[in-house]
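Just below is one structure, and these are the notes that go with it.
The values are calculated or read from the model by the stated rules, or taken from the named source; none is laboratory data. On a predicted model such as this, the values are computed, not experimentally measured, just so you know. Neighbour counts run over all protein chains shown; Cβ positions are idealised from the backbone, glycine included. Surface accessibility is based on the protein's heavy atoms, side chains included, excluding ligands, DNA and RNA. Shrake-Rupley method; radii C 1.70, N 1.55, O 1.52, S 1.80 Å.
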Amino acid sequence: MSKILIDLPEVIETPRLKLQMPCAGFSEKLHAAICDGFEDYVKWLNWPATIPTVDMLEEECRKHHAEFILRDFIRYLIIDKTTEDVIGRCALPSFQANWMIPQFGISYFICKSQRSKGYATEAAHALSLLAFQTLKARKLEIYCDAENIVSAKIPLKLGFNLEYTQRGGWPKQDGKLAELQTYSVFSEDDLSNLNNL
């Protein structure tokens, strides 16, 4: 089946979160989330050093909407159901996807003021279920910088295991190559129960 014909939910609800397909109108809330901890995204995720403007993010949201429809890059905004604030973003990045297997990676970020509350774990768990149940994934991966200890705890909580470590992918701010740890899981049965996280 063509990936475009696979039905994906535009909104996924978890106990505390709403994962929303990017679309027009979310740029201001996304901008607030990106500004809150932007230095960490540059450090750990290799983002450009300049904070994008609201207009740039509005354009980005509309492009991401199109990519979602085409299944070229599956992203969701992470929204707090209580406040309706955008607190981050999660995705199945295109550069980690192999639709022939199928195999996918999971990425995420949470704004600084909302970290250490389990939101990234909750969002990544929802994407894991989506990948296994809807996309029929046979393997999922999460990449983490080896020095980003807090982020590396998330795949372990979810039931992923460290498969390998590689140096490369992007240069760090000091010019050294990043050391990336790859955590993987091969079955929905191996995922942790969200109620126990």
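Less than 13 Å Cβ to Cβ from Pro93, Lys/Arg counted +1 and Asp/Glu -1: what total charge do the surrounding residues give? Walk me through the numbers on the way to the answer.
Details: positive: Arg71, Arg75, Arg89; negative: Glu67, Asp72, Glu141.
Spelling it out: positives minus negatives among the neighbours equals 0.
If I take R0 = 35 Å and measure r between the Cβ atoms of Trp170 and Arg62 in this structure, what FRET efficiency does the formula 1/(1 + (r/R0)^6) give, to the nearest 0.05?
Efficiency at R0 = 35 Å is approximately 0.85.
Among Phe95, Ser113, Phe38, flag the residue with its Cα farthest along the positive direction of the charge dipole of the range 1-145, charges on Cβ as +1 for Lys/Arg and -1 for Asp/Glu.
The residue sitting most towards the positive pole is Phe95.
With a 1.4 Å probe and all protein chains left in place, how much of the accessible area of the chain comes from carbon and sulfur atoms, in whole percent? Walk me through the numbers before you get to the answer.
On the way: 5190 of 10140 Å².
Carbon and sulfur atoms account for 51 percent of the accessible area of the chain.
Counting each DSSP H run of 4 or more residues in the chain as -39500 (n - 2.57), what helix-only mean residue ellipticity at 222 nm follows after dividing by all residues, to the nearest 500 deg cm²/dmol? The partial results should precede the final answer.
Numbers: 5 runs with 59 residues, N = 197.
Computed ellipticity for the chain at 222 nm equals -9500 deg cm²/dmol.
What number comes out for the charge environment of Leu129, summing +1 per Lys or Arg and -1 per Asp or Glu over other residues with Cβ under 13 Å away? Please report the intermediate quantities before stating the final value.
Details: positive: Lys136; negative: Glu13, Glu122, Glu188, Asp189, Asp190.
Local charge sum for Leu129: -4.
What percent do you get for the relative contact order of the chain when only Cα pairs under 8 Å and 6+ apart count?
Details: 337 pairs, mean separation 34.9, N = 197.
Relative CO of the chain lands at 18 percent.
Would you tally the net charge around Trp47, using a Cβ to Cβ cut-off of less than 15 Å, leaving Trp47 out, and scoring K and R as +1, D and E as -1?
Summing Lys and Arg as +1 and Asp and Glu as -1 gives 0.
Rounded to the nearest 10 Å², what accessible area does Glu60 have for a 1.4 Å probe in the complete protein model?
Around 60 Å² of this residue is reachable by solvent.
Considering the chain as a Gaussian network with a 10 Å cut-off on Cα pairs, which listed residue, Ile149, Ile69, Ile110, attains the greatest mean-square fluctuation?
Among Ile149, Ile69, Ile110, the largest mean-square fluctuation in the Gaussian network model of the chain belongs to Ile149.
With respect to the cross-link table entries Lys63/Lys176; Lys139/Lys172; Lys29/Lys136; Lys63/Lys136; Lys136/Lys176, which display a Cα-Cα separation exceeding 30 Å?
Working: Lys63/Lys176 32 Å; Lys139/Lys172 28 Å; Lys29/Lys136 32 Å; Lys63/Lys136 26 Å; Lys136/Lys176 37 Å.
Those over the limit are Lys63/Lys176; Lys29/Lys136; Lys136/Lys176.
Compute the accessible area per residue over the chain, keeping the other protein chains in place, probe 1.4 Å, unit Å². Spell out each step's value before the answer.
Details: 10140 Å² over 197 residues.
Using a 1.4 Å probe on heavy atoms only, each residue of the chain averages 51 Å².
Classify the range 76-174 from the C-alpha gyration tensor, please: rounded if a/c falls under 1.5, else prolate or oblate depending on whether a/b exceeds b/c. Spell out each step's value before the answer.
On the way: a/c = 1.73, a/b = 1.12, b/c = 1.55.
Oblate shape, in that a/c is at least 1.5 and b/c is the bigger or equal ratio.
Residue separation times 0.36 nm, minus the C-alpha to C-alpha distance between Asn161 and Asp7: what's the value? All intermediate terms of the calculation are to be shown ahead of the outcome.
Working: separation 154, 0.36 × 154 = 55.44 nm, distance 2.92 nm.
So the extension gain works out to 52.5 nm.
Using the crude model of +1 on Lys and Arg Cβ and -1 on Asp and Glu Cβ, and no other charge, please compute the dipole size for the chain relative to its Cα centre, in debye to 20.
Details: 22 positive and 26 negative charges, 67 e Å.
Dipole size: approximately 320 debye.
Using a 1.4 Å probe and ignoring any ligands, DNA or RNA, find the accessible area of Ser113 and quote it in Å² to the nearest 10.
Counting only protein heavy atoms, the figure is 70 Å².
Classify the chain as rounded, prolate or oblate from the Cα gyration tensor: take a ≥ b ≥ c as the square roots of its eigenvalues, call it rounded if a/c is under 1.5, otherwise prolate when a/b beats b/c and oblate if not. Kindly include the intermediate steps, with their values, before the conclusion.
On the way: a/c = 1.29, a/b = 1.05, b/c = 1.23.
Cα axes put the chain in the rounded bin.
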